[in-house]
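The values are calculated or read from the model by the stated rules, or taken from the named source; none is laboratory data. Nothing here was measured: the structure is a model prediction, and the numbers come from that model. All Cβ positions, glycine included, derive from the backbone under ideal geometry; neighbour counts span all protein chains shown.
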Amino acid sequence: MSPDKILFVDDEPMAIKYFERLVSPLAPVITALSVEQGKAVLRERGGEIAVLVSDQRMPGAHGNELLGYAREFHPGIVRMLTTAYSEIGEAIEAINSGEIYRYITKPWDLGSLHADLRNALELATLRSERDQLAHEKLLVQQRQLLGSRLASLAMLGAGATRGDSSAAMQRYARSAIAAHCSMPATDWHKWDYAGLLQAEAQRGMAIARELGRWQAEFGEDRTAERAFAQLAQALGVQSQGASLQLPSAAPLTALLNAAPGQLPQASDTVWLAWLLWWNRPVQVQAPSAGPQTGAWTVQLPATDSAEPPVPADWLERMIEDLVDI
């Protein structure tokens, strides 16, 4: 829901009463009697507020301090200053510093006040729509990056595995989905297309080197107990036969949800490297309290029943499931 309220801050109760009477036909009005009260309202209800109108001269702190606070923490709110004619210089300074959209002189002219507030509300609506579109675009870009990473890992896995790596990669994707893998935290103002491709290529090369190193370190002995001991040692946990517990889901998702430009640590690649090296069925069980709480169990399946064959479109299915989390 788009913000639709006006916050008016003034230390004079009569001014607040008069403003509410004049403005309430345009939009719901929230009021505060000081800068600190105004900040408290912004902290609690900032998402509801479209326009902030603050008096300049108030005891304790001036209105431009509140407007600066709103600019920093609620930049989508349209900020306005109301001043006496003798304080115009302060209002102009606030405009020039980017703190406010417009100033309103006292005493208010009803027609001008309504016109200014209508324009401010319309601007707030446009900003809200712009921010929503930007948010939706960001989600699309993050999903594309997440899907691209899984596809890249599938290609790296094919080169790091003896035989077909599809089953191992499908297990890896399923464990990431079960762990509710998050979207990579990406500052899209920082990255252009070429820079992002370069960062992801460097990340992929680092992962490839680590996968190869782990394959050599795990060795040729693939008995179950030793295999789980190898995984436990690499992750810094204890194994019990063909079973171990992970204190968190981080190893299951580290290669997918890291921020661009962040090169993987050796521990980040262990889980995928081990799945590719083991290349047999394995069961990953989420904590009973939920995927974000408690230890994850990795163990051999309870039965020796064969896994169903990996479908030809397994990667497409996994990407769709992953980006829909």
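Some points to look at:
- Qualifying position, being aromatic (Phe, Trp, Tyr) and in contact with a Phe, Trp or Tyr (Cβ under 7 Å, 6 or more places away or on another chain), among PHE8, PHE73: PHE8
- The stretch 304-325, residues that are more than 14 Å from ALA178 (Cα to Cα), among the hydrophobic types (A, V, I, L, M, F, W, C), part of a loop (DSSP other than H, G, I, E, B) and touching a residue at least 12 places away in the same chain (Cβ under 8 Å): VAL310
- Scan the stretch 1-60 for residues that are at pLDDT below 90 and touching a His at 6+ places or on another chain (Cβ under 6 Å) and the total you get is 1.
- Of the numbered criteria (1) at pLDDT 85 or above; (2) within 34 Å of the chain's Cα centre (by Cα), the one ARG102 fails is (1).
- Options ARG162, ARG171; residue that is charged (D, E, K, R), surrounded by 12 or more Cβ atoms within 10 Å (Cβ to Cβ) and either modelled with pLDDT of 80 or more or more than 19 Å from ASP324 (Cα to Cα) (or both): ARG171
- The listed residue being in a loop (DSSP other than H, G, I, E, B) and crowded, with 18+ Cβ neighbours inside 10 Å, out of PRO281, PRO301, PRO260: PRO260
- Scanning the stretch 205-231 for residues that are of a type outside the set (D, E, K, R) and buried (at least 20 other Cβ atoms within 10 Å of the Cβ) turns up ILE207, LEU211, TRP214, PHE218, ALA227, PHE228, GLN230, LEU231.
- Candidates ILE88, ILE95: the one that is within 20 Å of ARG127 (Cα to Cα), in a helix (DSSP H, G or I) and at pLDDT below 85 is ILE95.
- Pairs where the first residue, in the stretch 33-61, is surrounded by 20 or more Cβ atoms within 10 Å (Cβ to Cβ) and the second is among the β-branched types (Val, Ile, Thr) and part of a loop (DSSP other than H, G, I, E, B), C-beta under 6 Å, 6+ apart: ILE49/ILE77; LEU52/ILE77
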